[in-house]
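Right, one structure below, let's go through it.
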Amino acid sequence: MLLKELIEYEQLSVKDKYLYRFIWERHPNWNHEMIMFKIAIEHKVD
Amino acid sequence: MSETSNAKFLINKIFDKIFQMGNVSQEEQDQVNNALNKELLEKPFRVAVIGQSGVGKSTTLNSVFGLSNYTSNLAEGTTEIVEKVFPMRDGFSLSIYDMPGLNNDVDKDIEYEKLYKQILPGCDVIVYIINAHSRDFGEDCRILKEIVLPICNENKVRENLVLAINKIDTIGESIDPNDPDLQWDAFENRPTEKLKVAIKTKLSDIIDKLIDEGLLASEDGFADHQVVFYSAVYNYNLQDFILAIAKAGKRGWIWPATVGFEQAGKWSEAKLNQEK
């Protein structure tokens, strides 16, 4: 993970960090941007 | 015929308030108002709507843009797109380009692609509509990847795009048409709890696919605010739609700052992520 990505990850809420890891396990080929995008969309449909 | 109303547009009201608070001279007020009106009224607010047959283009235009009884009159195989201008009120006009869907007919697609190249760069908002309960997004992905996004990127209007996922109300029917708990609650005008879960799951799958196809979260793809989920027929979650329009390119703000704000007031309060 790049430093910028790490900073963005650390700024996530606890719940979103769990979500980040969940998405990453489900899509191991996705990059940080894709995971963050998915989290943003998940909030839209929450 | 365009209506005339005494009610100012929202943007005019906001500026009036700023002028009042800032003690702005009449001369400066006139300067700002003239520049603003030039932006709002000199040319129509141009919207292109793209989508395959049956995705709900007409219903979307009726619901989101407040067009009364708009019906798509695109003839099969049409290669001519007519700009339809709808005078709204007080000089403000909405212009709609109803674009033919690309249907994997190579010859027609070449003609349609020329039309897309001709029309899309001049549009303030470009709405690409997908049917949420479609089983196969392959064709939509192809059109977006091979035609729409390249044209928009080439002409620097990618930010004018809105990826609109319609018919979320029908997701339940596509799972089990006989389950009443998967039907839209027409009385409350919102999804049932079971349908809400089904919608979340389906939308999540759609997003996953679009990300895998490189259409989302990529350098040349859609940003998250450009993706909206809604039901045009129930006016549901259209607030996100208007937000996406507001953020579209350089002129998207014009719609919610004028007629769009008034249109939003007519919609249901129901929202996809409404808290209980």
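Summary of computed values
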item: Those chymotrypsin sites (Phe, Trp or Tyr not before Pro) in segment B:151-244 that DSSP places in a loop and that have at most 11 other beta carbons within 10 Å; result: B:187
item: Three-way shape call for chain B based on the alpha-carbon gyration tensor, with the a/c threshold at 1.5; result: oblate
item: Residue B:217 long-range amide H proximity, modeled H, under 5 Å; result: B:222
item: Computed lengthening from residue B:89 to residue B:209, 0.36 nm per intervening residue step minus Cα-Cα distance; result: 39.1 nm
item: Farthest positive-ward along chain B dipole, Cα basis, beta-carbon charges - from B:63, B:180, B:49; result: B:63
item: Rg/Rg_ref, the protein assembly as shown, where Rg_ref = 2.2 N^0.38 Å and atoms are Cα; result: 1.06
item: Over chain B: helical MRE at 222 nm, DSSP H runs n ≥ 4 each giving -39500 (n - 2.57), nearest 500; result: -11500 deg cm²/dmol
item: Beta bridge orientation in the protein assembly as shown: antiparallel %, DSSP, nearest 5; result: 30 percent
item: Global form of chain A, assessed from the alpha-carbon gyration tensor, a/c cut-off 1.5; result: oblate
item: Peptide ranges A:28-38, A:4-14, B:54-64, B:82-92 listed from the most packed, as the mean C-beta count within 10 angstrom indicates; result: B:54-64, A:28-38, B:82-92, A:4-14
item: Gyration tensor (alpha-carbon) shape descriptor, segment B:102-164, a/c threshold 1.5; result: oblate
item: Peptide B:202-208, shielding by other chains (average Cβ, 10 Å cutoff); result: 4
item: Sequence-distant residues sharing a close amide H with residue B:185 (under 5 Å, placed H); result: B:190, B:192
item: 37 °C / 0.692 mPa s Stokes-Einstein diffusion coefficient of segment B:148-276, Kirkwood radius on C-alpha pairs, µm²/s; result: 206 µm²/s
item: Two-site label geometry, residue B:38 and residue B:142: point separation in nm, points 7 Å out along Cα→Cβ; result: 4.7 nm
item: D_trans [Stokes-Einstein, Kirkwood Rh over alpha-carbon pairs] for segment B:141-217, 10 °C, 1.306 mPa s, µm² s⁻¹; result: 110 µm²/s
item: Electrostatic dipole magnitude of chain A [Cβ: Lys, Arg +1; Asp, Glu -1; Cα centre; debye, to 20]; result: 100 debye
item: Distance between modelled label sites at residue B:26 and residue B:218, nm, 7 Å Cα→Cβ extension; result: 5.8 nm
item: Residues whose placed amide H lies under 5 Å from that of residue B:94, excluding near-sequence neighbours; result: B:45, B:86, B:88
item: Ordering of B:37-48, B:122-133 by burial proxy (mean other Cβ atoms within 10 Å per residue, highest first); result: B:122-133, B:37-48
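Bear in mind that the values in this text are calculations on the coordinates, not laboratory data. Not measured: the values here are computed from a predicted model. Note: ideal-geometry Cβ built from the backbone for every residue, glycine included; neighbour counts use all protein chains shown.
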